[in-house]
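**Student:** Dropping a structure here in structure tokens format, bear with me for questions.
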Amino acid sequence: MKKNVDSVRVIAFGAIIILLFGTLCSLFFEDPSIAKSVFPNPNFLIPCINAISLFFAFLLFLFPKLYFMCYVILIPQIIATTMTGHESLGVFLYVLLLVIILFEQTLSFKTKRVIIFFSFFFFGMLLLSVIPYGMIRFCMAIGETIFFITTFFAFYGFLKAKLESLIPEINSKLYFSKEIMLPKVGETVYLSKIGLTERQSELLILFVKNDLSYTQLSKKTNISSSIIKKEMSNCLTIFGCRNIATLRIILSNFQLTY
């Protein structure tokens with residue numbers, strides 16, 4: 001968890017730097033691109049959006065577990081940059097948004113729908129940008145988007161292939177009972193078929209997906225800590241796993257359902 005928190009802080013720090021520069025530039029310098037923009041009242045709204053995003057970036061740096069603020073920062077910035085003549089930055093931020101969605105969740109059907117929604121939304125903004133800036137800028141933005149996305153998926157595929165060659169062997173031979181047969185990484189594990197009860201499945205899914213402690217699980221589910229400890233201990237027994245942290249790490253590579 002610490003490594004994940006540190007990664008979020010790195011992103012937040014970078015966002016603070018660029019948003020600080022963006023806010024100062026939008027306040028004290030005139031941007032000729034804004035004059036052509038279809039964005040309403042850009043000379044007032046752009047500094048406001050930059051300043052608000054800067055505030056949220058500071059909050060994200062201080063409280064990195066508030067991961068949803070990545071979306072709060074990115075979505076307004078994608079709209080503002082794309083529609084005020086800085087579509088290259090908008091393209092980069094859009095691809096960054098897709099990367100965050102994919103790393104926060106596996107590529108499930110729900111995730112695909114979210115990506116498709118944002119893609120239609122983004123390309124709609126690019127079409128609007130044709131009006132003041134012309135077709136050449138639009139075509140270049142489309143090309144940049146495809147380039148960034150394909151480059152990311154090339155790296156994603158390379159890393160996934162490397163990890164998939166290691167993770168199944170670790171699951172089956174070192175940590176889990178021989179009777180536990182897990183699917184490929186990223187696929188769905190049906191906990192009821194493994195032998196977990198509905199309550200055990202609910203607790204385990206919350207524990208794995210939200211990185212909660214037993215105390216936090218108790219508060220979230222209104223189940224006493226002693227019962228949660230007993231149920232999680234039973235989960236370990238069923239999986240044939242000795243360590244709850246190991247169980248969480250391995251199962252985080254799958255979609256869990258009852």
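The values are calculated or read from the model by the stated rules, or taken from the named source; none is laboratory data. Given the structure is predicted, the values throughout are model-derived calculations rather than measurements. When we count neighbours, we look across all protein chains shown, and the Cβ atoms used for this are built from the backbone with ideal geometry, even at glycine. For the accessible areas, the whole protein counts, side chains as well, though only heavy atoms, and no ligand, DNA or RNA atoms are used. Shrake-Rupley method; radii C 1.70, N 1.55, O 1.52, S 1.80 Å.
**Student:** Would you call L251 of a type outside the set (D, E), under 28 Å from F68 (Cα atoms) and touching a Lys or Arg at 6+ places or on another chain (Cβ under 7 Å)?
**Tutor:** On the way: of a type outside the set (D, E): yes; under 28 Å from F68 (Cα atoms): yes; touching a Lys or Arg at 6+ places or on another chain (Cβ under 7 Å): no.
Judged against the criteria, L251 is not a match.
**Student:** Determine the pairs where a residue that is closer than 13 Å to T82 by Cα, located within region 116-127, has a partner that is open to solvent by 30 Å² or more (accessible area, probe 1.4 Å) with Cβ atoms under 6 Å apart, the partner being 6 or more residues away or on another chain.
**Tutor:** So the pair list comes out as L126/F138.
**Student:** So F39 ticks every box in (1) at pLDDT 80 or above; (2) crowded, with 18+ Cβ neighbours inside 10 Å but one. Which box is left unticked?
**Tutor:** With respect to (1) at pLDDT 80 or above; (2) crowded, with 18+ Cβ neighbours inside 10 Å, F39 is out only on (1).
**Student:** Tell me which helices (runs of 4 or more DSSP H) are completely within region 130-226 and hold 3 or more residues being buried (at least 16 other Cβ atoms within 10 Å of the Cβ), aliphatic (A, V, I, L, M) and at pLDDT 80 or above, or say none if there are none.
**Tutor:** 198-210
**Student:** Let me ask something additional. Tell me, which residue of region 44-72 that is free of Cβ contacts under 8 Å to residues at least 12 places away in the same chain and farther than 25 Å from L98 by Cβ is least open to solvent (accessible area, probe 1.4 Å)? Spell out the reasoning first.
**Tutor:** Taking region 44-72 first, the residues free of Cβ contacts under 8 Å to residues at least 12 places away in the same chain are 44, 48, 55, 59, 62-63, 66, 68.
Now drop any that are not farther than 25 Å from L98 by Cβ, which leaves 44, 48, 62.
Values: F44: 121, C48: 46, L62: 106 Å².
Filtering first and then ranking leaves C48.
**Student:** Please specify each residue of region 188-207 satisfying the condition of being under 19 Å from S177 (Cα atoms) and within 23 Å of the chain's Cα centre (by Cα). Step through it out loud before you land on a result.
**Tutor:** Initially, region 188-207 is screened for residues under 19 Å from S177 (Cα atoms), giving 188-197, 200-201, 204.
Matches in region 188-207: T188, V189, L204.
**Student:** If you don't mind, another one. Within region 119-126, can one find any residue that is touching a helix residue (DSSP H, G or I) at 6+ places or on another chain (Cβ under 7 Å), open to solvent by 70 Å² or more (accessible area, probe 1.4 Å), of a type in the set (F, W, Y) and at pLDDT 85 or above?
**Tutor:** Scanning region 119-126 turns up no residue that is touching a helix residue (DSSP H, G or I) at 6+ places or on another chain (Cβ under 7 Å), open to solvent by 70 Å² or more (accessible area, probe 1.4 Å), of a type in the set (F, W, Y) and at pLDDT 85 or above.
**Student:** Residues that are farther than 28 Å from F120 by Cα: find the helices (runs of 4 or more DSSP H) completely inside region 1-96 holding 2 or more of those.
**Tutor:** Details: elements: 2-28, 42-62, 69-82.
Ranges flagged: 2-28, 42-62.
**Student:** Then there is this: For region 237-258, name all the residues that are of a type in the set (A, V, I, L, M) and surrounded by 15 or more Cβ atoms within 10 Å (Cβ to Cβ).
**Tutor:** Within region 237-258, the first condition is being of a type in the set (A, V, I, L, M), and the residues that meet it are 238, 244-245, 247, 249-251, 256.
Of everything in region 237-258, those that are of a type in the set (A, V, I, L, M) and surrounded by 15 or more Cβ atoms within 10 Å (Cβ to Cβ) turn out to be I238, I244, L247, I250, L251, L256.
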